[in-house]
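**Q** Pasting a structure below so you can have a look.
The values are calculated or read from the model by the stated rules, or taken from the named source; none is laboratory data. Here the structure is a predicted model, which is why all the values come from computation and not from measurement. Glycine gets a Cβ as well: all are built from the backbone with ideal geometry, and neighbour counts include every protein chain shown.
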Amino acid sequence: MKETSLQAGLILAGILFCLGLLSLLIRRNFIFMLLSVEIMLNAAGLAFVLAGARWGQPDGQVMFLFILAMAAAEVSVGLALILQLYHQLKSTDSDAATRLKDEP
Amino acid sequence: MNALIACIPLFPFLGALLLVPGARHYSPGLVKLLGCGSIALSAICTLMVGWSFLQQPALVVNVQLWNWIRSGALQAGFSLHVDALSITFAFIITFVGALIHIYATEYMQGDEDYARFFACMNLFVGAMLLLVLADNLLLLYLGWEGVGLCSYLLIGFWYKDPANGAAARKAFIVTRIGDTAMAVALFMLFYHLQTLNIAGILQLAAAQWSTGHTTVVLIALLLLGGAVGKSAQLPLQTWLPDAMAGPTPVSALIHAATMVTAGVYLIARLHLLFELSPQVMLLVASIGVITLLLAGCSALVQRDIKKVLAYSTISQIGYMFLALGVGAWHAAIFHFFTHAFFKALLFLGAGAVILAMHHEQDMFKMGGLRKQVPGVYRCFVAGAAALAALPYITSGFYSKDAILWLAWQGPQANTLLWIGGLLGAFLTALYTFRMVFLTFWGPQQHHIHHYPGISIRLPLSILTVLAIVAGFIELPHNLGHVTLFSGFLQNVLPATGVHASSSLEWIAQLLSAVCCLAGIGVAYLLYVKASPALERFTQTGLAQYFTRLWQKGWAFDELYDLLIVRPFMALSRLLRKDAPDKLYTLLGGITIKAHHILAGTQKGLLRWYVLSVLIGAVLILTAILLHLKPTTT
Amino acid sequence: MNTAFYIAAAVAILSTLMVITRYNIMHALLYLIVSFMAIAVIFFIYGAPYMAVLELIIYAGAIMVLIIFFVMMLNLGAETAVQEKSWMTPRIWFGPALLSVILLSELWYLFYTEPATPFEVKTIDPKAVGTSLFTTYLITAELAAMLLMAGIVGAYHLGRQKKKIQHRFLEQSEE
């Protein structure tokens with residue numbers, strides 16, 4: 001195998017993470033926000049796997065496995081919550097869910 | 001003996017204590033038993049102790065009940081000091097108190113707070129006994145404040161009417177001003193003499209200060225301030241007429257016979273301090289004379305029967321102050337002794353009248369009652385005669401005459417004071433018999449509702465007898481020179497030597513008699529015969545002006561409102577929003593502003609929260625990077 | 001190898017960019033699947049074939065499909081796209097973009113200050129991963145299992161609809 005360095009991969013992970021973050025901040029739709037979170041999780045997992053490959057150990061991949069499991073659980077619960085929110089608010093606008101606003 | 005003495009104040013306190021817890025549950029009979037029984041037992045104990053004193057007037061008993069304060073030089077115990085002066089006062093308090101309690105069982109019948117009334121009255125009698133039996137000034141002050149409290153409780157007894165509460169507060173606040181002066185006097189006494197024990201003070205004072213020394217004059221002045229407050233003399237006399245808002249037995253006991261004489265007791269007790277300050281003695285006498293004239297004028301034009309008696313009390317205590325001021329100690333106490341009987345009698349009689357007229361107190365609405373309630377009429381006239389000092393046959397004559405005689409010819413006499421006293425005697429007779437004629441003579445305007453029962457008639461009768469015969473124990477020089485009373489007191493209070501001829505004494509007595517009869521005559525002309533000349537006089541502009549002025553008690557209330565109350569309220573309104581307050585409100589305001597700003601960050605928007613997390617992360621990362629920079633190349 | 005990496009990286013970034021700028025949810029989801037596939041290729045390049053496959057099966061194949069089915073269930077159609085269009089004004093990009101660029105530049109700085117240490121890429125086969133998972137990281141595996149269990153129970157409970165026992169004309173729902 002050829003020799004390569006970690007930096008390019010990490011930068012890729014960083015770019016993907018920041019794109020996901022950008023999307024999270026901009027979007028108002030619940031489902032798009034969930035999607036953005038998935039992008040960010042995936043980017044973090046990429047960083048883990050790259051790090052594991054750098055040291056030649058399976059630890060990074062194991063981490064990614066856990067991230068995967070966690071993402072699965074989170075998506076299912078998150079979608080159930082979005083379902084309830086949709087039935088309560090009759091829309092998928094996150095700006096409609098401001099009941100916890102502090103009234104001065 | 002010691003146990004008996006301890007029982008004298010104990011029984012009333014015990015009565016009050018027993019009456020308080022079950023106030024709602026006791027039957028009226030039980031309340032009567034506890035309320036009157038405690039005072040009656042106390043009176044019996046006083047009589048038994050007094051019997052020993054009658055046999056040995058020079059006796060002095062000190063009973064230490066228990067320790068109270070032992071702090072360095074301040075050694076004040078709960079100790080009672082009984083001598084002739086205190087036993088005299090204790091006798092009046094318990095005996096007249098017991099009679100008034102019996103009267104009150106019928107007067108206050110049917111009132112829903114029956115037990116509370118007797119509890120407060122018992123508490124009052126207990127506190128007053130502590131005052132007169134106290135061995136040190138601190139315990140005296142405790143009793144002093146106690147009677148002030150009970151006065152407040154009893155004036156505002158019918159608390160549901162806010163006017164009664166206002167009168168009670170006025171009484172408390174005005175006497176408090178005097179109490180503060182007295183407290184300062186106590187501080188000064190302790191500072192200079194290192195003791196508050198009365199006997200100790202009297203011993204050390206003469207050695208410490210020469211006559212007229214500034215310190216002792218100041219102390220005497222402050223003590224006078226306290227006495228003036230409690231005894232409703234100038235300038236603190238405004239509370240007593242308002243205090244008539246309380247039930248009549250309260251007015252009889254507290255504001256006639258006992259509490260208002262506490263000032264007289266204080267001055268008599270600490271007579272050595274006053275003798276060391278002749279300026280203050282002159283002041284005492286002057287206050288006495290001016291007050292008795294002012295109050296006499298005010299009593300002349302009142303419509304309410306109880307207000308007449310209130311101003312009359314102020315006036316008679318003015319006589320006692322006059323006596324104290326000219327050094328006639330025995331005469332002052334003798335006047336207190338007789339005054340207690342006839343003033344209580346007058347108040348109780350007025351109460352019987354008020355009850356019969358179904359709580360009507362305006363004299364101009366009464367009339368012709370001597371045919372309706374002849375028993376009450378006879379007792380009332382006896383009391384009125386004693387008050388007016390009807391010559392030779394009433395106790396009031398002998399006590400008032402003693403004062404006037406000593407004001408004219410005593411060692412510190414002053415003719416001006418004597419003339420004031422004579423004028424006051426004329427006014428007293430005038431307003432007293434005006435009261436009698438308006439209430440009992442003339443056409444009957446109302447029908448009687450309530451005829452007095454035995455509980456009212458018995459105390460009235462006993463007091464009537466006493467009002468007449470109590471004077472015969474002290475007869476002046478030219479009439480047999482009976483000195484039973486002053487002989488009793490001579491070991492406690494110095495005797496007043498008089499060097500004047502007997503003929504002068506006859507002249508003095510004649511002049512007092514003339515004043516009294518003149519007063520009665522004018523009252524008869526005005527209110528029974530309705531002579532037209534006098535009627536025209538009372539309708540003139542000047543007379544009307546003075547009538548209105550005197551009805552308001554010489555407008556002292558308005559004066560104090562203008563000089564003291566309004567500036568004080570204005571000052572407090574000003575101080576409510578001054579600079580230090582702004583500092584505190586500023587702190588509060590800043591906090592609220594900060595709250596609003598921070599609350600603005602809780603928008604409830606999900607994106608906003610994510611943004612804030614991101615900003616935080618970026619800041620932390622920047623901080624770490626800046627920290628790492630020097631270590632990396 | 002590097003070329004393959006750069007191509008896959010470019011695809012991933014491009015498709016992620018498309019995800020975050022689409023108005024239609026379905027389009028965004030599908031672009032995300034493409035992104036995941038590119039990531040899987042990168043995993044493969046870096047010697048993690050097991051992870052590449054798992055990424056495809058679980059992430060792209062299960063999670064994304066779940067979301068697609070969810071969107072179909074909610075029937076969010078054309079009006080959602082219009083709504084998204086109205087919300088996505090150019091103005092809202094500035095602040096978040098600025099912050100993301102700052103974050104990215106800091107990350108870039110962090111990654112490039114250390115000198116690069118080249119290494120040889122070795123393939124780590126599934127056997128090694130499994131051994132590590134069930135010996136060194138056993139407890140985390142158990143915890144992940146419990147997490148999934150919690151996820152199932154939570155999703156079932158939270159997703160329950162209130163049953164209407166009376167006719168809808170009477171409009172009362174029973175809890």
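**Q** Any chance you could count how many residues in the stretch B:336-362 are surrounded by fewer than 24 Cβ atoms within 10 Å (Cβ to Cβ) and among the polar types (S, T, N, Q)?
**A** 1
**Q** Here's something else I'd like to know. Given (1) over 30 Å from A:Asp59 (Cβ atoms); (2) at pLDDT below 90; (3) more than 8 Å from chain A (Cβ to nearest Cβ); (4) in a helix (DSSP H, G or I), identify the lone condition not met by C:Tyr109.
**A** Checking C:Tyr109 against (1) over 30 Å from A:Asp59 (Cβ atoms); (2) at pLDDT below 90; (3) more than 8 Å from chain A (Cβ to nearest Cβ); (4) in a helix (DSSP H, G or I), the one that fails is (1).
**Q** Also: Are any of the residues in the stretch C:127-138 free of Cβ contacts under 8 Å to residues at least 60 places away in the same chain, under 21 Å from the mean Cα position of the chain (by Cα) and surrounded by 12 or more Cβ atoms within 10 Å (Cβ to Cβ)? Lay out the reasoning, then the answer.
**A** Here is the first cut: in the stretch C:127-138, the residues free of Cβ contacts under 8 Å to residues at least 60 places away in the same chain are C:127-128, C:130-138.
Among the residues that remain, those that are also under 21 Å from the mean Cα position of the chain (by Cα) are: none.
Scanning the stretch C:127-138, I find no residue that is free of Cβ contacts under 8 Å to residues at least 60 places away in the same chain, under 21 Å from the mean Cα position of the chain (by Cα) and surrounded by 12 or more Cβ atoms within 10 Å (Cβ to Cβ), so the answer is no.
**Q** Could you run through the stretch B:111-140 and say how many residues are surrounded by fewer than 24 Cβ atoms within 10 Å (Cβ to Cβ) and polar (S, T, N, Q)?
**A** The total comes to 0.
**Q** Kindly establish whether C:Ile139 is at pLDDT below 90 and not assigned by TED's automatic domain parsing to the domain that holds C:Ala52. So that I can check it myself, show each step before the final result.
**A** Details: at pLDDT below 90: no; not assigned by TED's automatic domain parsing to the domain that holds C:Ala52: yes.
Taking the combined requirement at face value, the residue does not satisfy it.
**Q** If you take the residues in the stretch A:1-55 that are assigned to a loop (DSSP other than H, G, I, E, B) and within 21 Å of C:Ile92 (Cβ to Cβ), which one is nearest to the other protein chains (Cβ to nearest Cβ)? Steps first, answer last, please.
**A** Step one: filter the stretch A:1-55 for residues assigned to a loop (DSSP other than H, G, I, E, B), giving A:1-2, A:5-6, A:27-28.
Right, trim to within 21 Å of C:Ile92 (Cβ to Cβ) and you get A:27-28.
Numbers: A:Arg27: 8, A:Arg28: 5 Å.
Filtering first and then ranking leaves A:Arg28.
**Q** Based on this model, can you work out whether B:Ala543 counts as surrounded by 11 or more Cβ atoms within 10 Å (Cβ to Cβ), farther than 23 Å from B:Ala429 by Cβ and modelled with pLDDT under 90? Give the steps one after another, and end with the answer.
**A** Working: surrounded by 11 or more Cβ atoms within 10 Å (Cβ to Cβ): yes; farther than 23 Å from B:Ala429 by Cβ: no; modelled with pLDDT under 90: yes.
Criteria not met by B:Ala543.
**Q** Within the stretch B:190-288, which helices (runs of 4 or more DSSP H) (wholly inside it) include 2 or more residues that are polar (S, T, N, Q) and surrounded by fewer than 22 Cβ atoms within 10 Å (Cβ to Cβ)? Break it down stepwise before answering.
**A** Working: elements: B:198-208, B:214-230, B:239-242, B:248-252, B:262-269, B:271-275.
Because the criterion is at least 2 residues that are polar (S, T, N, Q) and surrounded by fewer than 22 Cβ atoms within 10 Å (Cβ to Cβ), the helices (runs of 4 or more DSSP H) in the stretch B:190-288 that meet it are B:198-208, B:214-230.
**Q** So how many residues does the stretch C:6-47 have that are farther than 27 Å from A:Gly52 by Cα and among the aromatic types (Phe, Trp, Tyr)?
**A** Final tally of qualifying residues: 2.
**Q** Among the residues of the stretch B:45-94, what is the count of those that are among the charged types (D, E, K, R) and assigned to a strand (DSSP E or B)? It would help to see each step written out before you state the result.
**A** Keep residues of the stretch B:45-94 that are among the charged types (D, E, K, R), which gives B:70, B:83.
Adding the requirement that they be assigned to a strand (DSSP E or B) leaves B:70.
Summing the residues that are among the charged types (D, E, K, R) and assigned to a strand (DSSP E or B) in the stretch B:45-94 gives 1.
**Q** Hey, C:Met73 hits all of (1) in the same structural domain as C:Gly151 (by TED's automatic domain parsing); (2) at pLDDT below 90 but one; which does it fall short on?
**A** Against the list (1) in the same structural domain as C:Gly151 (by TED's automatic domain parsing); (2) at pLDDT below 90, C:Met73 comes up short only on (1).
**Q** Residue check: is B:Ile393 free of Cβ contacts under 8 Å to residues at least 24 places away in the same chain and over 22 Å from the mean Cα position of the chain (by Cα)?
**A** Values: free of Cβ contacts under 8 Å to residues at least 24 places away in the same chain: no; over 22 Å from the mean Cα position of the chain (by Cα): yes.
Spelling it out, it is not the case that B:Ile393 is free of Cβ contacts under 8 Å to residues at least 24 places away in the same chain and over 22 Å from the mean Cα position of the chain (by Cα).
**Q** For residues that are over 19 Å from the mean Cα position of the chain (by Cα) and at the interface with another protein chain (Cβ under 7 Å from one of its Cβ atoms), tally how many sit in the stretch A:60-91.
**A** Of the residues in the stretch A:60-91, the ones over 19 Å from the mean Cα position of the chain (by Cα) are A:83-91.
Filter once more, so that each one left must be at the interface with another protein chain (Cβ under 7 Å from one of its Cβ atoms): A:83-84, A:86.
Of the residues in that region, 3 qualify.
Quick grid of which residues meet (1) surrounded by fewer than 14 Cβ atoms within 10 Å (Cβ to Cβ); (2) touching a helix residue (DSSP H, G or I) at 6+ places or on another chain (Cβ under 6 Å):
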| residue | (1), (2) |
| --- | --- |
| B:Lys577 | yes, no |
| B:Tyr584 | yes, no |
| B:Ala599 | yes, no |
| B:Lys603 | no, no |
| B:Leu614 | no, yes |
| B:Val618 | no, yes |
| B:Ile624 | yes, no |
| B:His627 | yes, no |
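**Q** Counting only residues that are in a helix (DSSP H, G or I) and touching an Asp or Glu at 6+ places or on another chain (Cβ under 9 Å), which one in the stretch B:452-478 is nearest to B:Ala384 (Cα to Cα)?
**A** Taking the stretch B:452-478 first, the residues in a helix (DSSP H, G or I) are B:454-473, B:477-478.
Subsequent filtering for residues that are touching an Asp or Glu at 6+ places or on another chain (Cβ under 9 Å) retains B:454-456, B:477-478.
Values: B:Ile454: 22, B:Ser455: 21, B:Ile456: 18, B:His477: 26, B:Asn478: 26 Å.
The residue in question is B:Ile456.
**Q** Taking B:Tyr609 as meeting all but one of (1) aromatic (Phe, Trp, Tyr); (2) away from chain A (no Cβ under 14 Å); (3) closer than 30 Å to C:Leu104 by Cβ, write down the number of the exception.
**A** B:Tyr609 satisfies every listed condition except (2).
**Q** Looking for whichever is touching a helix residue (DSSP H, G or I) at 6+ places or on another chain (Cβ under 7 Å) and under 23 Å from C:Ala150 (Cβ atoms) here; the options are A:Leu34, A:Leu19, A:Leu25. Which one fits? Steps first, answer last, please.
**A** Working: A:Leu19 fails: under 23 Å from C:Ala150 (Cβ atoms); A:Leu25 fails: under 23 Å from C:Ala150 (Cβ atoms).
When all the criteria are applied, what remains is A:Leu34.
**Q** What about B:Leu406, is it out of contact with any Pro (no Cβ under 8 Å at 6 or more places or on another chain) and assigned to a loop (DSSP other than H, G, I, E, B)? I'd like the intermediate steps shown before the answer.
**A** Working: out of contact with any Pro (no Cβ under 8 Å at 6 or more places or on another chain): yes; assigned to a loop (DSSP other than H, G, I, E, B): no.
So B:Leu406 does not fit the description; no.
**Q** What number of residues within the stretch C:1-21 satisfy the criterion of being in contact (Cβ under 8 Å) with a residue 12 or more places away in the chain, crowded, with 17+ Cβ neighbours inside 10 Å and either of a type outside the set (Val, Ile, Thr) or at the interface with chain A (Cβ under 10 Å from one of its Cβ atoms) (or both)?
**A** 7
**Q** With C:Leu99, C:Leu54, C:Leu30, C:Leu66 as the choices, which residue is more than 19 Å from C:Ala12 (Cβ to Cβ), under 15 Å from the mean Cα position of the chain (by Cα) and at pLDDT 90 or above?
**A** Values: C:Leu99 fails: under 15 Å from the mean Cα position of the chain (by Cα); C:Leu54 fails: more than 19 Å from C:Ala12 (Cβ to Cβ); C:Leu30 fails: more than 19 Å from C:Ala12 (Cβ to Cβ).
Checking each option against the conditions leaves just C:Leu66.
**Q** Separate question: Using beta carbons and a limit of 6 Å, which pairs, at least six apart or on different chains, have the first residue in the stretch C:51-64 and at the interface with chain A (Cβ under 7 Å from one of its Cβ atoms) and the second one crowded, with 17+ Cβ neighbours inside 10 Å?
**A** Sorted first by the residue in the stretch C:51-64, then by its partner, the pairs are C:Met51/A:Val49; C:Met51/A:Gln61; C:Met51/A:Phe64; C:Met51/C:Phe43; C:Ile58/A:Leu68; C:Tyr59/C:Phe36; C:Ile63/A:Ala72; C:Ile63/A:Val75.
**Q** Next question, about the same structure. Kindly indicate the residue of the stretch B:257-272 that is under 17 Å from B:Leu123 (Cα atoms) and among the hydrophobic types (A, V, I, L, M, F, W, C) and also nearest to the chain's Cα centre (by Cα) among those meeting that condition. Before the answer, list the steps.
**A** Residues of the stretch B:257-272 that are under 17 Å from B:Leu123 (Cα atoms), as a first pass: B:257-260, B:262.
Subset that is among the hydrophobic types (A, V, I, L, M, F, W, C): B:257, B:259-260, B:262.
Values: B:Ala257: 9, B:Met259: 4, B:Val260: 3, B:Ala262: 7 Å.
The qualifying residue nearest to the chain's Cα centre (by Cα) is B:Val260.
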